[in-house]
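The values are calculated or read from the model by the stated rules, or taken from the named source; none is laboratory data. As the structure is a prediction and not an experimental result, all values here were calculated from the model. Heads up, the Cβs are rebuilt from the backbone with ideal geometry, glycines too, and the neighbour counts pull from every protein chain shown.
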Amino acid sequence: MIRRALRLSTGIPWTAIASAAQLPRLTRSYAGDALAATKASFNEQEDQPSPKVEHDLSLRRRAQPKKRGQNQKNHNEPWHPIVHTPKPNPNATKKFAFIPKRPEGSGVRLELTGPNVDGNEICRTIPAIWLRDSCQCKQCVHPVTRQREVDTFSIPKTITIIKADVTDDEIRVLFSDGHESTFKPEALVARLLPDHEWSARQGDHDPILWGREIKEKPPMVDYDKVMASDEGVKEWTYLIKRYGFCYVDGCPVSPEATQELLERISFIRHTHYGGFWDFTADMASNDTAYTNLGLDAHTDTTYFTDPARLQMFHLLSHEGGEGGASLLVDGFKVAMDLHKRNNAYYEVLSRYKSYGHASGNNGNSIFPLEPQPAFTHHGRQLVQIRWNNYDRDGLQPPVESWPHWYMGAKKWNHLLKSPVNEYWEQLKPGRPLIFDNWRVLHGRSAFTGQRRLCGGYINGDDFLARYRSLNFPNNGLMHWQM
Ligand SMILES: [Zn+2]
């Protein structure tokens, strides 16, 4: 009941809550240590947490709800920018056994022991009803659509396993309803390692972190290759996934060609800005402090419940002026810096939430369903950065936490603006840029003259679907699938 109430009241996945709830149980000395470390790395008096805020932080930690059934081992592991999920060790001992009769019903018992199995020994009985529901035969799963055909709700809750033959390659099971199923042992193993399953579902390539040195050799693919074959799109999406951005060299300098290029990944996401945009503005005639000003590094659409994931920029022309260099910052890399140097502030930006808003024009009033933290995690792993001080709206109560948010935000902003983290580049006609708006922050320097840019957004799920289907065998069906 507690879990359900929490989920309903917050709307965030239970896994995120589980992670969030880990921190409050950290001992007070942990909080104290982190803040002490924070203090030690600061020279500016004004950046130091006040005793009052420090006290509030430790109060907040203790005030978080307790949960039942939480894995004690993972309990004290804090959020982290990069979590290298251990893969199941192929040398770990696997033992499958058929358990014919137990008080809680029959099932297939799996014991997985050995080093590096996510640091845990696995010993679980997989329930017969789940196995029956997960049968992958042609009657139970449509062979073309891969959709479930079995009538889940006609499976008797008392279903048992009559017989099971276990070999290294397969597990053949006869159920009490007369149905026979075959399972791949490694698929069952993967299902019992939730972190591994999640990592595999996302496409388990660790990000390559970078700073300004990326300017010497930025990731780039050839336009002709991307347009000619899926092999080119495979390389392109792989580089975006690993670096968070990529150039495409040799694109015709037209909005039509740029749109066609972007649609090689997926369809374009429409927003209140339209779909594919082609923006011409005579900045020289605009003397406003708005249109040609520099922009600090930020992410876009922080006011959406599901912010746009990919964004493409193609500079078609820039005449009669100068400036307008583009800025990219690897948010995951800077988050790593913050985590190392000021872990308490990393936690502040992971925990404390704010709204974004787009309410300026055209009768728009856009807010996310829930206030959001700057750093969103899945389990321990950082998966999304939302950072746009221009579009930031109210901070979530309690008001006592607000001063601490400002201190964390100030340090984060300071690191974002560190020259070692800023990658400046003048965009060129014929070389569109695409970047991951959930990871890479973008900005630009002030400019004069007339610029014409085109581009568009792509949704996260659509990007990952294309990336997975090209970069993993069997059209993205991975080994963990049944
Ligand atoms: Zn079946």
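A count restricted to region 123-173 and to residues that are surrounded by fewer than 16 Cβ atoms within 10 Å (Cβ to Cβ) and closer than 23 Å to Val189 by Cβ stands at 13.
Listed residues Tyr238, Tyr243, Tyr247; which is touching a residue at least 24 places away in the same chain (Cβ under 8 Å), closer than 18 Å to Ser469 by Cα and not hydrophobic (A, V, I, L, M, F, W, C)?
Exactly one of Tyr238, Tyr243, Tyr247 is touching a residue at least 24 places away in the same chain (Cβ under 8 Å), closer than 18 Å to Ser469 by Cα and not hydrophobic (A, V, I, L, M, F, W, C), namely Tyr238.
Of all residues in region 131-158, those that are at positive phi have Cβ atoms under 8 Å from Cβ atoms of residues that are modelled with pLDDT under 90, 6 or more apart or on another chain, in Arg146/Leu477. Is it the case, given these coordinates, that Arg392 is more than 23 Å from Trp210 (Cβ to Cβ) and in contact with a Gly (Cβ under 7 Å, 6 or more places away or on another chain)? Taking the combined requirement at face value, the residue satisfies it. Within the set Phe279, Phe245, Phe267, the sole residue that is buried (at least 17 other Cβ atoms within 10 Å of the Cβ), of a type in the set (Phe, Trp, Tyr) and in the same structural domain as Arg466 (by TED's automatic domain parsing) turns out to be Phe245.
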